[in-house]
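Report on the structure given below.
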Amino acid sequence: MTKIDLKNFSLNELEQFLSGKGKERFRATQIFKWMYQFGALSFDEMTNLSKDLRAELQATAYISSMDHSAVEVGTDGTRKYLFTLEDGDSVESVLIPDEGRNTLCISTQVGCAMKCEFCLTGTFKFRRNLSTAEIINQICAVKREFEVRNIVFMGMGEPLQNLDNVIRSIEIMLEGNGLHLSNRRITVSTCGLVPEMAELGSRVTCNLAVSLNATTDELRDRMMPINRKYPLEELLRGCREFPLPSRRKLTFEYVMIGGVNDSLEDAKRLLKLTSDIPNKVNLIPFNEHDGCEFRSPTREAVDAFHKYLIDRHVTVITRDSRGGDISAACGQLKGKLEKNSLLPVDQGDA
Ligand code: SF4
């Protein structure tokens with residue numbers, strides 16, 4: 001009989017699973033606490049469950065976990081983890097340290113089908129969605145070593161193409177008996193799947209980041225093929241309607257590419273397009289990578305773009321190149337490992 005991974009259940013679903021076996025529903029809360037607050041990996045550790053229940057669970061279910069198979073540490077403390085999954089595929093997560101408010105960037109798919117032209121992950125063929133357990137275990141693994149306060153779904157993959165597992169993982173993060181994170185500290189990033197944005201907002205409360213990157217449909221069609229399906233007007237309508245946590249602003253991510261989208265004309269159009277949406281802008285100077293013809297913007301272009309928006313009272317953060325020395329842009333660690341045949345440590349003998 002195939003055993004069931006309890007980390008694929010929300011609390012509600014675990015209650016149903018247990019009541020289907022004739023057990024009290026509150027046992028689900030106890031198990032959740034053991035898994036997510038005490039990091040238990042076996043039923044033997046769950047000392048407030050009867051021996052009989054533990055044996056029954058042992059026979060039908062298990063608790064999965066993941067360990068990183070490689071890690072790169074940047075000079076600024078950014079840690080990039082590579083996780084090898086049960087089927088041999090791999091994904092990555094990045095921990096960005098910040099005095100007690102560490103942020104973990106997690107992946108939701110192996111590869112990505114969205115083919116954004118500037119993105120290294122887009123060059124890896126889409127393989128599959130991650131399960132809820134695989135999403136949540138990236139957090140559990142890092143939490144064994146470091147406190148994690150903020151979660152951003154900005155790693156490998158388009159989260160809204162794996163909507164049910166992303167939503168279930170957010171439910172586990174928000175659950176008081178689970179990872180117990182605040183909805184103000186969870187951000188889902190999308191390239192612009194408008195109907196799924198609406199569904200996400202109707203099922204859970206969290207922050208939203210939209211990877212915008214261009215201010216005309218002509219350019220965005222080229223950079224991000226999803227724009228041909230959901231052009232800017234429709235995307236911005238979806239942004240306006242998204243129900244954010246109270247007093248939160250939507251984030252627009254803007255990857256600045258030299259000579260492509262980094263002029264003051266682009267900054268003006270960006271301001272015009274987004275001025276009626278409470279928002280902040282993350283400017284991300286493009287990191288050049290092999291096989292991509294795009295170039296990094298000049299420092300002057302980034303500063304001028306930043307200043308134009310700041311002077312007009314937009315909240316702007318220009319991401320410093322944190323982790324630049326360890327290939328922190330999404331997909332780059334995996335690319336580097338594959339290119340250099342640097343095998344994950346636990347597969348060195350394979
Ligand atoms: S930017 Fe995001 S959505 Fe686009 S290809 Fe890369 S991972 Fe996929």
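The values are calculated or read from the model by the stated rules, or taken from the named source; none is laboratory data. Because the structure is predicted, anything quoted here is derived from the model rather than measured. Cβ coordinates were reconstructed from backbone atoms using ideal geometry, including for glycine residues, and neighbour counts include every protein chain displayed.
Could you please let me know if residue 160 is within 14 Å of the ligand (Cβ to nearest atom) and either farther than 30 Å from residue 225 by Cα or in contact with a Cys (Cβ under 8 Å, 6 or more places away or on another chain) (or both)?
Criteria not met by residue 160.
Tally time: how many residues in segment 18-52 are buried (at least 19 other Cβ atoms within 10 Å of the Cβ) and assigned to a helix (DSSP H, G or I)?
Within segment 18-52, residues that are buried (at least 19 other Cβ atoms within 10 Å of the Cβ) and assigned to a helix (DSSP H, G or I) number 9.
Any residue at all in segment 214-235 that is free of Cβ contacts under 8 Å to residues at least 40 places away in the same chain and among the polar types (S, T, N, Q)? Walk me through it before giving the result.
Here is the first cut: in segment 214-235, the ones free of Cβ contacts under 8 Å to residues at least 40 places away in the same chain are 217-218, 220-221, 227-231, 233.
This time we only want the ones that are among the polar types (S, T, N, Q), so: 227.
Yes, some residue in segment 214-235 is free of Cβ contacts under 8 Å to residues at least 40 places away in the same chain and among the polar types (S, T, N, Q).
Residue 343 - would you say it is at pLDDT below 95, in the same structural domain as residue 211 (by TED's automatic domain parsing), in contact with a strand residue (DSSP E or B) (Cβ under 6 Å, 6 or more places away or on another chain) and on the phi < 0 side of the Ramachandran plot?
no
Out of 227, 183, 207, I need the residue that is assigned by TED's automatic domain parsing to the domain that holds residue 261, within 18 Å of residue 272 (Cβ to Cβ) and of a type outside the set (A, V, I, L, M, F, W, C). Which one?
227
For segment 112-126, check the following and say yes or no: at least one residue is among the basic types (Lys, Arg) and closer than 16 Å to residue 65 by Cβ.
Scanning segment 112-126, I find no residue that is among the basic types (Lys, Arg) and closer than 16 Å to residue 65 by Cβ, so the answer is no.
Tell me which of these residue 328 doesn't satisfy, since it passes every other one: (1) at pLDDT 90 or above; (2) under 18 Å from residue 74 (Cβ atoms).
Exception for residue 328: condition (1).
Considering each of 128, 144, 149 in turn, give the residue that is within 16 Å of the ligand (Cβ to nearest atom), more than 16 Å from residue 190 (Cα to Cα) and surrounded by fewer than 16 Cβ atoms within 10 Å (Cβ to Cβ).
None of the others qualify; the one that does is 128.
Do any residues in segment 28-46 that are of a type in the set (Gly, Ala, Ser) have Cβ atoms under 7 Å from those of residues that are part of a helix (DSSP H, G or I), where the two are at least six apart or on different chains, and which pairs are they?
As it stands, the answer is 28/11; 28/14; 28/15; 28/18; 39/140; 40/34, since those pairs meet every condition given.
Could you tell me which of the residues 104, 181 is more than 9 Å from the ligand (Cβ to nearest atom), under 23 Å from residue 41 (Cβ atoms) and crowded, with 22+ Cβ neighbours inside 10 Å?
104
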